[in-house]
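Have a look at the structure below, then the notes.
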Amino acid sequence: MTRPHSRSRTGHDKAAQAVVSRRVAMFTLGTAALACGLPLRATAQSPDAAAALVSRAVGDVLGIINSGRSESAMLREFERIFRDYADVPIIAQSVVGPQWRGASDADRRAFIAAFQSYMARKYGRRFREFIGGEITVTGTRQVRNFVEVISTVRVTGTAPFEVRWLVSDGSGQTRFFNMIIEGVNLMITERSEIGAMLDARGGDLGRLAADLRSMG
């Protein structure tokens, strides 16, 4: 009598596990898409417009790093570039993840502003490594509802490498929402790092925003 009951329970448990597994898979796919910074609205982004945006951004970056300005002056300009060419609110929301929904409007605004400065400092210093180099847009690729713009960086003394810019007009303006530098995905990297910092502060986005102002 116990064996049939045991088989029935086992079958029930397996069915329940299958449902849970499907839910986990759906959640994982959803958060992975967010981690990659996928635009929230599906639109038909023009490859030409995406390439033009990146070409302008690249021109500004090269102009700054080859200007001979001080590091502090360069970093201020990099923040302007990040603000003008990147979809900062989408990137900020993506790296915070699900905890964004529970944050107040004031904490969201504070985080977006602090994150913008943090990213400019962090990646501005990385782009300074390209002094004297060239960044050339070499092609585009349509990927679902966004465009991947491929560029090649050539710096004396190193082998050429790719920087890929993911561009969308899903928020109403053509902006890049992710970069892949030598195979390193900016969004995934930042989601991991920002997530760890947020966890260390008990999920307090306002506190993290305040701390980010001195980081990078």
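From the phi angles alone, apply the Karplus equation (6.51, -1.76, 1.60; θ = phi - 60°) to the stretch 150-166 and give each ³J(HN,Hα) in whole Hz, x where the residue is Gly or Pro.
9, 10, 10, 9, 10, 10, 4, x, 10, 6, x, 9, 9, 10, 9, 10, 9
For the stretch 203-211, in order, what is each residue's ³J(HN,Hα) by Karplus, 6.51 cos²θ - 1.76 cosθ + 1.60 with θ = phi - 60°, in whole Hz (x at glycine and Pro)?
x, 7, 5, x, 5, 5, 4, 5, 6
Test of the criteria: in the stretch 132-180, which trypsin sites (Lys or Arg not before Pro) are in a DSSP loop and have at most 12 other Cβ atoms within 10 angstrom of their Cβ?
ARG144
Using modelled backbone amide H atoms (1.01 Å from N, in-plane), which distant-in-sequence or interchain residues come within less than 5 Å of ASN178's amide H?
Sorted by chain and number, the residues that satisfy this are LEU166.
Taking only C-alpha pairs under 8 Å that are 6+ residues apart, what is the relative contact order of the stretch 142-216 in percent?
Normalised by residue count, the contact order of the stretch 142-216 is 17 percent.
Which ³J(HN,Hα) values, rounded to whole Hz and listed in residue order, are derived for the stretch 137-146 from phi using the Karplus coefficients 6.51, -1.76 and 1.60 in 6.51 cos²θ - 1.76 cosθ + 1.60 with θ = phi - 60°, glycine and proline given as x?
Coupling constants for the stretch 137-146: 6, 10, x, 9, 8, 6, 10, 6, 9, 9 Hz.
Values in this text are rule-based calculations from the coordinates and carry no lab data. From a predicted model like this one, the values you see are computed outputs, not experimental measurements. Glycine also receives a Cβ, built like all others from the backbone with ideal geometry; neighbour counts cover every protein chain displayed.
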